[in-house]
């Protein structure tokens, strides 16, 4: 459940939008309003707003959106109840309210129009409203056991503009590649095939790697800015886990049984790592030496680029 809050000056405009026939609108709650038609509803709002003409934006408009997974549970009565509870928690009470459900999208959602001028003429406070709204949405989602959207996974990427479009593209690529690569060399090669350049960041003028930067479509982002799981240290740990998993897969069953008696580092339940077996990585000195040479070569190459930029 998420909320979007908007303020405005035209009750007629918000009423016309909310009750648009094209959106297959259905009134769930109409409190304190003459509901003969859109005109009488708008006039009711306007009449009460004149109790405090100093407030230039008396129109309150909130949309509450739910995940499509909950559609079968969200009856009209349930959605109206949740919307009213949300308003109470937000301190939006003792005022005119119109709650309308729309059926024009794949996910259930309602629109709430309310008068920011209460029935007694006071102005309903909007202090820290977005912070309070986010907290209340989370609490109600937990209370009613609603579906929790998983952040970036729910973003409608076709609507994004640059640089966010590239950022989310990098998120998808890294989520796939980090989960199946066994070393930095393989990761860099796989990313290059998909038009992604990877560079290390260093601490001062030392060879100590401090971070990693990914560039695609002319836009650059540090790994942690794309997602916290893609910081240098977390990617490095993920690659190591993939190598460990691959070694275990390659061993005979008898060896795996013997090793299973010893404690191993617990694995998290992050979907980035679950079920990943990595790519083949030779478990010998030559393979490790090759990996070390790759990382050293990448460091030298990045260092030279850095020196050229500062005039050396």
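When the stretch 172-188 is filtered for residues that are under 17 Å from residue 243 (Cα atoms), free of Cβ contacts under 8 Å to residues at least 24 places away in the same chain and surrounded by fewer than 20 Cβ atoms within 10 Å (Cβ to Cβ), only 176 remains.
Does the stretch 201-233 hold any residues that are crowded, with 18+ Cβ neighbours inside 10 Å and over 18 Å from residue 167 (Cα atoms), and which are they? Passing the criteria: only 209. Among the residues examined, residue 133 does not qualify as surrounded by fewer than 21 Cβ atoms within 10 Å (Cβ to Cβ) and free of Cβ contacts under 8 Å to residues at least 40 places away in the same chain.
Assess whether residue 231 counts as being under 30 Å from residue 249 (Cα atoms), within 21 Å of the chain's Cα centre (by Cα) and in the same structural domain as residue 249 (by TED's automatic domain parsing).
yes
Remark: pairs (first residue in the stretch 103-117, closer than 17 Å to residue 76 by Cα; second residue at pLDDT below 95 and part of a loop (DSSP other than H, G, I, E, B); Cβ separation under 7 Å; 6+ apart in sequence or on different chains) = 103/24; 104/24; 107/66; 107/67; 108/66; 108/71; 108/74; 109/66.
The criterion of being surrounded by 19 or more Cβ atoms within 10 Å (Cβ to Cβ), under 26 Å from the mean Cα position of the chain (by Cα) and assigned to a helix (DSSP H, G or I) does not hold for residue 243.
Consider the stretch 40-61. How many of its residues are within 36 Å of the chain's Cα centre (by Cα), assigned to a helix (DSSP H, G or I) and more than 10 Å from residue 115 (Cα to Cα)? Give the derivation first.
Pass one, the stretch 40-61, residues within 36 Å of the chain's Cα centre (by Cα): 42, 45, 55-61.
Next, from what is left, pick out any that are assigned to a helix (DSSP H, G or I): 42, 45.
After this cut, where a residue has to be more than 10 Å from residue 115 (Cα to Cα) as well, the list is 42.
Summing the residues that are within 36 Å of the chain's Cα centre (by Cα), assigned to a helix (DSSP H, G or I) and more than 10 Å from residue 115 (Cα to Cα) in the stretch 40-61 gives 1.
The values are calculated or read from the model by the stated rules, or taken from the named source; none is laboratory data. Every value quoted in this text rests on a predicted model; they were computed, and no experiment measured them. Cβ atoms come from the backbone with ideal geometry, glycine included; neighbour counts cover every protein chain shown.
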